[in-house]
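First up is the structure itself, then whatever we jot down about it.
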Amino acid sequence: MIEVKNLSKSFSTAQVLKKVNVIFEKGKTNLIIGQSGSGKTVLLKSIVGLHEVDEGKIVYDNVVFNELNFKEKKEMRKQIGMLFQGGALFDSATVEENVMYPLDMFTEMTKSQKRDRANECLKRVNIINANNLYPAEISGGMKKRVAIARAIALNPKYLFCDEPNSGLDPQTAIVIDDLIKEITEEYNMTTIVNTHDMNSVMEIGDKVVFIYKGEKWWEGSKDEIFETNNEELNKFIFASSLSQEIRKLKGNI
Amino acid sequence: MGLFYHIGRYFILLFRVFAKPEKFSIYYRETLKEVQKLGINSMGIVVIISVFMGAVITIQTAYNTENPLLPTYLIGLGTRDSMILEFSSTIVALILAGKIGSNIASEIGTMRVTEQIDALEIMGVNSASYLILPKILASVFFAPLLCIFSMFVGITGGWLAGISVGVVTTENYVYGIQYAFIPFYITYSLIKIIVFAFLITTISAYHGYYATGGSLEVGRSSTKAVVHSSIFILLFNLILTQLLLS
């Protein structure tokens, strides 16, 4: 479980996050949704420690992450996996080397053990016969899957995904969504997904947090999202959904 | 932003770079890769430039010493001292600033803007140390070899040009390069190139590491890396010459 308490973050004079309070539950796929510029990426990056927060606490299973020193944070980060928007695979390394990288860095496994684990992770994300290819030689969807394989290589307790479907066709997006959900349940992880894709909300959203202008505007389940009277959320759902069914449901807006 | 801001941030980055590596074997492997990339791959350009510079220095010295009272072995001496004292350290460093400086800044800058550095940080890797330390070690280790190589090739180029044009005989040229030789000049040159290699690598890495935005900014950081490295090479050339030769 990850708990965010009174989190505020600003860049120069622009306050991006304003006293955000939210709990992300273990074993569930927690979604942060919101318009571009609403602060959801800053929230995600603050939670993983890529941004120093101005005030507030980020608590990972009773450990206040943002109060840890550099060395303690480094240890904690070994329990964190992250899927970046563009995959963030290392260009100069092959698919297999990318997945083996955290194993190389943080384990004392033999080379064959590392290779076996990498292949196991790649197989889990349905990447076969691509071990020796470089990131530039594979498709966007494959890059995302390799990045997921790399993120789960060390069996993390926490998984963060920043816009996992951006730049993907709808079919591949569903594959990635399903994969994230399956892996979350399989490894019993706390997963936080940052998205503005309503299809993802419908597919995998166990818990949904709506961020609007840097504030937590709404939270609930994907079923509750259709019963809310929250005007901004309803506008967001209507505008971001291509599904006619959802548009009909929200057609009165 | 102010000069002091950049100086402060540069030293903070260096502090992170020289932290204890996560795993020595990986850093060793990366250092060897960088030796290949930054050092061995630079030998070609160093050879070409050194040969031609040695040749030009020889011919210029010959034309400037066309006096029956001046012995022709001075041509060898002039070429030797020019190569050792200035060309093989300072000029080679300026060339390397263009070649490896832009390479380092663009490589690290691209990693920054494509979130690869964030990915390293998330894994718990000290990205500054992992990306920059092997480059520093490789360049500081290999630059003196390039410098010595440049001296040898440049002096040989001078000899080839001298005998081809007929301004000096082999005997006089060889006598000249041995005449009044001060071994400390080699030490002086090696000290300079080690300092320059450190400056090129760290300044370029600094610009790449703090690149923001997209490809345009990566290009800008690469240009800044070359310009700032060159300026600091010239500045430190002056400081080190005053300290070591005065």
Residues of the range A:59-71 satisfying the condition of being among the hydrophobic types (A, V, I, L, M, F, W, C) and within 13 Å of chain B (Cβ to nearest Cβ):
A:Phe65, A:Leu68, A:Phe70
Name the one entry in B:Tyr10, B:Tyr5 that is over 21 Å from A:Met105 (Cβ atoms) and open to solvent by 50 Å² or more (accessible area, probe 1.4 Å).
B:Tyr5
Qualifying positions in the range A:165-196 - in a loop (DSSP other than H, G, I, E, B), within 21 Å of A:Gln79 (Cα to Cα) and either open to solvent by 10 Å² or more (accessible area, probe 1.4 Å) or within 13 Å of chain B (Cβ to nearest Cβ) (or both)
A:Asn188
Answer yes or no: is there a residue in the range B:105-119 that is assigned to a helix (DSSP H, G or I), more than 14 Å from chain A (Cβ to nearest Cβ) and open to solvent by less than 10 Å² (accessible area, probe 1.4 Å).
yes
Kindly indicate whether B:Ser204 is closer than 23 Å to B:Ser246 by Cα, assigned to a helix (DSSP H, G or I) and among the hydroxyl-bearing types (Ser, Thr, Tyr).
no
Which of the residues that make up the range A:84-108 are more than 9 Å from chain B (Cβ to nearest Cβ), modelled with pLDDT of 90 or more and either more than 18 Å from B:Lys23 (Cβ to Cβ) or open to solvent by 50 Å² or more (accessible area, probe 1.4 Å) (or both)?
A:Thr94, A:Val95, A:Glu96, A:Glu97
What is the number of the single condition among (1) at pLDDT 95 or above; (2) within 23 Å of B:Ile163 (Cβ to Cβ); (3) β-branched (Val, Ile, Thr) that B:Thr61 does not meet?
(1)
In the range B:147-172, residue most open to solvent (accessible area, probe 1.4 Å) [restricted to those that are over 12 Å from B:Thr72 (Cα atoms) and not hydrophobic (A, V, I, L, M, F, W, C)]:
B:Ser164
Failed criterion for A:Leu159 (all others in (1) surrounded by fewer than 22 Cβ atoms within 10 Å (Cβ to Cβ); (2) within 19 Å of A:Phe24 (Cα to Cα) hold)
(1)
Residues B:Phe198, B:Phe184: which one is of a type in the set (Phe, Trp, Tyr) and closer than 28 Å to B:Gly76 by Cα?
B:Phe184
Kindly provide the set of residues from the range A:197-214 that are open to solvent by less than 70 Å² (accessible area, probe 1.4 Å) and more than 23 Å from A:Lys26 (Cα to Cα), ordered by number.
A:Tyr212, A:Gly214
Out of curiosity, is B:Ile45 open to solvent by 50 Å² or more (accessible area, probe 1.4 Å), away from every other protein chain (no Cβ under 14 Å), of a type in the set (Val, Ile, Thr) and closer than 30 Å to B:Ile186 by Cα?
yes
So, in the range B:120-146, exactly how many residues are in contact with a strand residue (DSSP E or B) (Cβ under 9 Å, 6 or more places away or on another chain) and either open to solvent by less than 10 Å² (accessible area, probe 1.4 Å) or more than 14 Å from chain A (Cβ to nearest Cβ) (or both)?
2
Look through A:Arg145, A:Arg150 and report the one residue that is more than 30 Å from A:Val59 (Cβ to Cβ), crowded, with 22+ Cβ neighbours inside 10 Å and of a type in the set (Lys, Arg).
A:Arg145
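Each row is one residue, and each column tells you yes or no for (1) open to solvent by 20 Å² or more (accessible area, probe 1.4 Å); (2) closer than 22 Å to B:Ser189 by Cβ; (3) among the acidic types (Asp, Glu); (4) under 19 Å from the mean Cα position of the chain (by Cα).
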{"site": "B:Tyr206", "(1), (2), (3), (4)": "no, no, no, yes"}
{"site": "B:Tyr210", "(1), (2), (3), (4)": "yes, no, no, no"}
{"site": "B:Val227", "(1), (2), (3), (4)": "yes, no, no, yes"}
{"site": "B:Ser230", "(1), (2), (3), (4)": "yes, yes, no, yes"}
{"site": "B:Leu235", "(1), (2), (3), (4)": "yes, yes, no, yes"}
{"site": "B:Ser246", "(1), (2), (3), (4)": "yes, yes, no, no"}
Could you check the range B:51-94 and list, in sequence order, the residues that are surrounded by fewer than 18 Cβ atoms within 10 Å (Cβ to Cβ), among the polar types (S, T, N, Q) and part of a helix (DSSP H, G or I)?
B:Gln60, B:Asn64
Can you tell me which residue in the range A:38-58 is surrounded by the most Cβ atoms within 10 Å (Cβ to Cβ), limited to those that are away from every other protein chain (no Cβ under 14 Å) and more than 17 Å from the chain's Cα centre (by Cα)?
A:Val53
Pick out the one residue from A:Asn69, A:Asn119 that is farther than 30 Å from A:Ser36 by Cα and modelled with pLDDT under 90.
A:Asn69
Taking the range A:15-34 on its own, how many of its residues are surrounded by fewer than 23 Cβ atoms within 10 Å (Cβ to Cβ) and in contact with a helix residue (DSSP H, G or I) (Cβ under 6 Å, 6 or more places away or on another chain)?
1
Cβ pairs under 8 Å, 6+ apart or interchain, first in the range B:154-168 and in a loop (DSSP other than H, G, I, E, B), second among the aliphatic types (A, V, I, L, M), ordered by first then second residue, are B:Val167/B:Ile59; B:Val167/B:Ala62; B:Val167/B:Ile75; B:Val168/B:Ala62; B:Val168/B:Ile75
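The values are calculated or read from the model by the stated rules, or taken from the named source; none is laboratory data. Quick caveat: nothing in here was measured; it's all calculated off a predicted structure. Positions of Cβ are generated from backbone atoms using ideal geometry, with glycine treated the same way; all protein chains shown enter the neighbour counts. For accessibility, only protein heavy atoms count, side chains too; no ligands or nucleic acids. Shrake-Rupley method; radii C 1.70, N 1.55, O 1.52, S 1.80 Å.
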